[in-house]
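Structure record follows, encoded as structure tokens.
The values are calculated or read from the model by the stated rules, or taken from the named source; none is laboratory data. All values derive from a computational prediction rather than experimental measurement. Please note: Cβ atoms are built from the backbone with ideal geometry, for glycine as well, and neighbour counts cover all protein chains shown.
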Amino acid sequence: MHPLPWTKFSYDEFLDDPAVERMTNEEVGAYIRLLRAAWKSGGTIPDDDEYLSSVTRMGPEWPGHREAIARAWACDRGAWVQKRIVREYAEYNARKEMHAFNGSVGAAKRWGGHSQAIANDGRSRLINRKEEDSKTLESEPAFSQKAQVNGLVKDLSLHLGGKS
């Protein structure tokens, strides 16, 4: 899973979390490192003391802090799960899929189902479309902007009971 380039972080929610309130400063720092690792992997990290001690950079001190830090995680089938990160990833992926779908619908409306041709050779397709548009304009009767305005003024004048 590709990590998001950013994450929402609420200092108040973080510091008011009962599990965090009970941690020492060293444990809070280790917890933040674990959150970063979970963020990069979609919300889960392995329940492996060697991995956890390495990520937290606590080394041989890790076992003495494990219990305090583990309170902030849910354990599931050999993994530590950070539910908020999992939820934010799910929301992000849902938005991403919705934007991709809406984009494909918009492209289909704009290009009339020729999106593959555009993807393969977008420049030539755009040039061809401009040529098609100019041919269409040439075949339609052309009215100057001045003539259109004069016609509207005349219609308005007649509607109001005046003479043109």
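In a residue-by-residue description of segment 55-76, the property of being surrounded by 12 or more Cβ atoms within 10 Å (Cβ to Cβ) and within 23 Å of the chain's Cα centre (by Cα) applies to no position.
Considering segment 1-81, there are no qualifying helices (runs of 4 or more DSSP H) wholly inside with 1 or more residues that are in contact with a Phe, Trp or Tyr (Cβ under 7 Å, 6 or more places away or on another chain), modelled with pLDDT of 95 or more and among the aromatic types (Phe, Trp, Tyr). For segment 82-96, indicate whether the set of residues that are modelled with pLDDT under 95, within 25 Å of GLU21 (Cβ to Cβ) and part of a strand (DSSP E or B) is non-empty. Checked against the condition, which is being modelled with pLDDT under 95, within 25 Å of GLU21 (Cβ to Cβ) and part of a strand (DSSP E or B), segment 82-96 yields no hits at all.
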